[in-house]
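Please read the structure below before turning to the comments.
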Amino acid sequence: MQVDTAENEVESAAGQLRVEVLLPLALSSAYSYLVPSGMELQPGDYVRVPLGPRDMIGVIWSGPALATNEPGGPRLRAVRERYDAPPMAEVHRRFVDWVAAYNLVPAGMVLRMCLRSPAALGDPRMQTGYRYVGLPPQRMTPQRQRVIDVASNGLLWRSNELAEEAGVTSAVIRGLVASGTLVPEPFPADRDFGVPQAQAHRGLSKEQAAAAKILRATVAERAFSVTVLDGVTGAGKTEVYCEAVAATIAAGRQVLILLPEIALTSEFIRRLEERFAAEPAEWHSALKSTERERVWRGIASGDAKIVIGARSALFLPFRNLGLIVVDEEHESAFKQEEGVTYHARDMAVVYGSLGQFPVILSSATPSLESLANVDRGRYRYVALTARHGAALLPSVDLMDMRSAALERGRWMSEPLVAEVVKTLGDGEQVLLFLNRRGYAPVTLCRVCGHRMQCPNCDSWLVEHRFRRRLLCHHCGHDEPVPEACPSCGTENSLVPCGPGVERLAEEVAERFPTARIALLSSDLLRGFGLRDVIRAIAERRFDIIIGTQLVAKGHHFPGLTLVGVVDADLALSTADPRAAERTYQLLTQVAGRAGREALPGRAIIQTYMPDHPLMKALKEGDRDGFLAKEKQIRQGGGLPPYGRLAALIVSGRDQIETERFAKDLARLIPTAQGARVYGPSPAPMALVRSRYRFRFLVEAGRDFNIQAFLATWLAPVKPRGSLRVDVDIDPYSFL
Ligand code: ADP
Ligand code: ZN
């Protein structure tokens, strides 16, 4: 709603008020605008202001203050309009500034993430309903009578609902509207956010109840704290942190539950809806724009009490946020790599400290970062050691693939096949896990050895047989599989090399022709079609599930008792310092899908490295041993969480120019005690989307101000043309 409108631009600033308005652009500071007389403004207000020839939505960052009329100073333009939305909370504005400063991005770019549904600032959408006012039509028919019977309760009806309820066509309704029997009336189209019920859960186990008590106490403190909720898969962590959620809403404050996007399933939403007898607000990339607006408004007004969202939900305009839960806190999906890079888990902790409220980090495999903070006494720690009810943790066996003697084009070892046969015979479900989309990771010519490569990237094209295309997983380039080798011209010479889930599905279908097979891979299930498949699996409408990491996370499949990890070594050979930790977490999660209820579960892990400490730890269930070793390695190398890292990625369209620019940059490295800079070196992915890439890595002690160092370094740097410098604080990707 437009409260105040200023048509005239005010040109003289003498004695007038001005405000500083942050705009959602790559700007580090706010711009000054005059306040038109009669317009009341306060910090946090959403306003429309002119910028060049356009108008933009911005947020008042400070002011109003008296404008000083500097001779020769810039002429200020005036705020055009103030929106009627509740102002952005002070803590939210400080959060925006903090995220910007920490990640070395302009504050305006962070604000842009807060203004993703600008239409939400407008008037709520209206819809037309119809009411029966007691005036029957002159010509009555049986259909019309049925409508009147239904509508005689005096309520406001949507036309299609009234037609359906009365069992008539929409033409009948239209006729009654024309005759004045049904009277149109506008009403807000947004569904209400229900009021969640905040009573405590009564059926918690002793261990769960003790954990819940601690979490509820952190809420009662109304102060900043971080608690790591560490519990084996299926221990009831969700049930337990829901107690803190209940305590927070009982205190009249809002809750944000952050989840990796792929764990945000309808199964999870329904579970929370049942727990709180109200539908939580959802926030993720697949949301329709009308729903986005509704949720944005509900959060700004405070009507939406429980919000479940992917990482970007951190930037929603909470009115009085009182708790953030980060579920699966170890997930690297919380790190945003594109545009504004930030780690949502770490930023959630910052938000808690700015807003003086508790943060809960929940995981079956907490990150080393969080555990190190527990060691340092900064975070609290609560453990759940047993699975809920009768469920036991799955037993883990390693299959040494060096002695498996696989036939060509086969990926399952005989012991794994035998276990699958047995499990299917018992009427239970099997999950085969392979973290590779598509049919085959490499396609090569069997005559000349040519490999099909992406024209834009430093990567092989992946065959997707379902779509009959070769795809680049980095830039999305795709092309048909050629008839002849593009290098030597031999026809039908291209062969797949290595397994992807589609190829594994072929082997499974051959070996188990009567089994009902579900293939779960993100490129086969666009968006949230996934939800239906997940439900079908839970209802046992499939026997064998083949999937990438999409299935590994968070799902609860009661009939699943066998997990087969087809290639456990995939992620281990990368340059990522967290490779072992991530593999451990992923395989623990995958194995944790088995035996989540009364039936005992089993995991078979196929590996060529059965002596790797992490494989041994998996087999022996020796998480502490693995973590101790991993901590030692990181500490020795000064790597996170015992040291700090930042990456600088220099990229450009021309290889020579980019390399020269990177070398020039190297000459500008400031001298500083406590930091070492490596590079520039060609990035492991030296070409992505037709851009050549060079990397610097900054390694520093934990107390070193890496942001100040980078700011000094980059201050004189002005990349031109296609050249770009991207900063990645606390990098999780080393490509
Ligand atoms: P986690 O989040 O630790 O993996 P969940 O909270 O998903 O574990 O719990 C696993 C399963 O056990 C879920 O189906 C959940 O509903 C059930 N469960 C856990 N604790 C209880 C409890 N106290 N009462 C009833 N069901 C429970
Ligand atoms: Zn590519």
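The values are calculated or read from the model by the stated rules, or taken from the named source; none is laboratory data. All figures in this text were calculated on a predicted structure; none of them were measured in a lab. Neighbour counts run over all protein chains shown; Cβ positions are idealised from the backbone, glycine included. Note: accessible area is taken over every heavy atom of the protein model, side chains too, but ligands, DNA and RNA are not part of it. Shrake-Rupley method; radii C 1.70, N 1.55, O 1.52, S 1.80 Å.
Structure above, values below:
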quantity: Some residue of the range 89-108 being out of contact with any helix residue (DSSP H, G or I) (no Cβ under 9 Å at 6 or more places or on another chain) and open to solvent by 40 Å² or more (accessible area, probe 1.4 Å); calculated: yes
quantity: Per-region count, the range 13-32, residues open to solvent by 10 Å² or more (accessible area, probe 1.4 Å) and not in a loop (DSSP other than H, G, I, E, B); calculated: 5
quantity: Conditions (1) open to solvent by 20 Å² or more (accessible area, probe 1.4 Å); (2) hydroxyl-bearing (Ser, Thr, Tyr); (3) over 22 Å from VAL47 (Cβ atoms): number failed by THR181; calculated: (1)
quantity: Those residues of the range 638-668 which are outside any helix (DSSP H, G or I) and of a type in the set (Phe, Trp, Tyr), in sequence order; calculated: TYR642
quantity: Criterion (assigned to a helix (DSSP H, G or I), within 20 Å of LEU264 (Cα to Cα), of a type in the set (Gly, Ala, Ser) and open to solvent by 20 Å² or more (accessible area, probe 1.4 Å)) met by exactly one of ALA348, ALA313, ALA333; calculated: ALA333
quantity: Any hit, the range 441-449, residues being outside any loop (DSSP other than H, G, I, E, B), open to solvent by less than 10 Å² (accessible area, probe 1.4 Å) and either away from ligand 2 (no atom under 16 Å from the Cβ) or under 20 Å from ASP567 (Cβ atoms) (or both); calculated: yes
quantity: Residues located in the range 420-455, provided they are out of contact with any Pro (no Cβ under 8 Å at 6 or more places or on another chain) and of a type in the set (Lys, Arg); calculated: LYS422, ARG437, ARG446, ARG451
quantity: Helices (runs of 4 or more DSSP H) contained in the range 495-604 and holding at least 1 residues among the polar types (S, T, N, Q); calculated: 579-591
quantity: THR671 being over 27 Å from the mean Cα position of the chain (by Cα), part of a loop (DSSP other than H, G, I, E, B) and hydroxyl-bearing (Ser, Thr, Tyr); calculated: yes
quantity: Residue list for the range 227-258, filter: among the charged types (D, E, K, R) and either closer than 14 Å to GLY322 by Cα or within 16 Å of ligand 2 (Cβ to nearest atom) (or both); calculated: GLU243, ARG253
quantity: Selection within the range 472-497 - of a type outside the set (S, T, N, Q), touching a residue at least 40 places away in the same chain (Cβ under 8 Å) and crowded, with 16+ Cβ neighbours inside 10 Å; calculated: HIS474, CYS475, CYS485, LEU494, PRO496
quantity: Tally, over the range 116-158, of residues that are surrounded by fewer than 18 Cβ atoms within 10 Å (Cβ to Cβ), outside any loop (DSSP other than H, G, I, E, B) and hydroxyl-bearing (Ser, Thr, Tyr); calculated: 1
quantity: Test: residue in the range 701-723 that is in a helix (DSSP H, G or I), surrounded by 18 or more Cβ atoms within 10 Å (Cβ to Cβ), out of contact with any Pro (no Cβ under 6 Å at 6 or more places or on another chain) and among the aromatic types (Phe, Trp, Tyr); calculated: yes
quantity: Whichever residue in the range 534-551 is open to solvent by 30 Å² or more (accessible area, probe 1.4 Å) and within 24 Å of ALA310 (Cβ to Cβ) and, among such residues, is modelled with the highest pLDDT; calculated: ALA538
